[in-house]
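Accompanying notes for the structure given below.
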């Protein structure tokens, strides 16, 4: 047992009080044992000069120990901070930037200020853990104000110290232990158990690989506890911490976006192109659905640096050698006139006995550094001689799905989603993604 009665793998009690500074965009008071730190998050529109025009935001940090934070009065930092303070605030900034997708933040700056009220060891790790909470509160405020549509927080981050004291590996060192530790280490991790930073020094003696494994195991256990405390303190605001990567849907169609959000929820948080600031037109110059889907997904991924998904779909009619195909939306000669497109199709099918057709869809998923994945789906049917139904869009009033004896303009959304070409293409893509899962 240690001098305070804790087991070697036991962290100090932690408490986190949110909204401690009412004037800040986000704040908390974090206490780990007798160490107490005020963490605040401030938001400014705009970024440093070297980031302007990048479409990305910036996150930085400042750290200071108040004069009475230690037993002996500490001088206030002047214009030039002491080297230790500079090193710690850089660590805090590096660590918390790992939590944020800067492109989703937009061109604004979040500054995390960590001010130590009382220091009893582990001030830098407490600052990182508390700053994560302050950051989450600030992002929640930005979303409630409508300044952000999608949370840029993609990881949860926390930190804790470990060390070897009296030849014993120990978790969460207080000052008494830290001041004569043989080995001192700070660990920063995300919710996946991945390391963001390890700062380890054998000041008193060297340490073995086995001891390092024990120390990192202790750190992982302690950080899991801290992350639970972070989420408990945040309550409903914890929803801004994303546990799934962002996927940009290359579509301006709100219906398609909602459908993709539901279908790919297991793997991604799906957002629109507008949510990440992409509004350029993409020329669909390929002669296949798969080719056009790939063009769109690759363009959005290349511009945003984020995974992107796109689809291209349309109607193919056997008697017309696959027309209208990739020209489905502009079959009449210009884009988006459903009535004119249907009129042209009816005119070309006049007197034709073979009415078989299919709606076809290709889905393309492009991720940075990976080959584009393509999945396709089709729904067979027949072309009627006249429109039926008032729902749907495109060629839905002429397309009869025989198993239901209804056109796609007559079925409800649930019925259509169960059998549509897009649903089948998405199912094929989901199968590909599940094959990739370890």
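The values are calculated or read from the model by the stated rules, or taken from the named source; none is laboratory data. Source: prediction; values computed, not measured. With ideal geometry, Cβ positions are generated from the backbone for all residues, glycine too; neighbour counts draw on all protein chains shown.
Some notes on this structure:
- Checking the stated criteria, residue 364 turns out not to satisfy the condition of being surrounded by fewer than 16 Cβ atoms within 10 Å (Cβ to Cβ), at pLDDT 95 or above and either in the same structural domain as residue 286 (by TED's automatic domain parsing) or assigned to a strand (DSSP E or B) (or both).
- Residue, surrounded by the fewest Cβ atoms within 10 Å (Cβ to Cβ), within segment 266-288, restricted to residues that are in contact (Cβ under 8 Å) with a residue 60 or more places away in the chain and more than 22 Å from residue 107 (Cα to Cα): 266
- Residue in segment 319-338 that is assigned to a strand (DSSP E or B), touching a helix residue (DSSP H, G or I) at 6+ places or on another chain (Cβ under 8 Å) and buried (at least 17 other Cβ atoms within 10 Å of the Cβ) present: yes
- Residue count for segment 241-265, restricted to those that are surrounded by 22 or more Cβ atoms within 10 Å (Cβ to Cβ) and in a helix (DSSP H, G or I): 1
- You will find that of 354, 405, 412, the residue that is surrounded by fewer than 22 Cβ atoms within 10 Å (Cβ to Cβ), touching a helix residue (DSSP H, G or I) at 6+ places or on another chain (Cβ under 6 Å) and over 26 Å from residue 335 (Cβ atoms) is 354 and no other.
- Strands (runs of 3 or more DSSP E) completely within segment 160-233 that count 3 or more residues being at negative phi and surrounded by fewer than 21 Cβ atoms within 10 Å (Cβ to Cβ): 195-201
- Per the conditions (1) in a helix (DSSP H, G or I); (2) modelled with pLDDT of 95 or more, the sole criterion not satisfied by residue 42 is (1).
- Scanning segment 1-30 for residues that are under 15 Å from residue 134 (Cβ atoms), free of Cβ contacts under 8 Å to residues at least 24 places away in the same chain and either in contact with a strand residue (DSSP E or B) (Cβ under 8 Å, 6 or more places away or on another chain) or assigned to a strand (DSSP E or B) (or both) turns up 20, 21.
- Residues (at pLDDT 85 or above and under 18 Å from residue 259 (Cβ atoms)) located in segment 402-415: 408, 409, 411, 412, 415
- Filtered residue count, segment 223-244, keeping only those that are closer than 19 Å to residue 32 by Cβ and in contact with a helix residue (DSSP H, G or I) (Cβ under 9 Å, 6 or more places away or on another chain): 9
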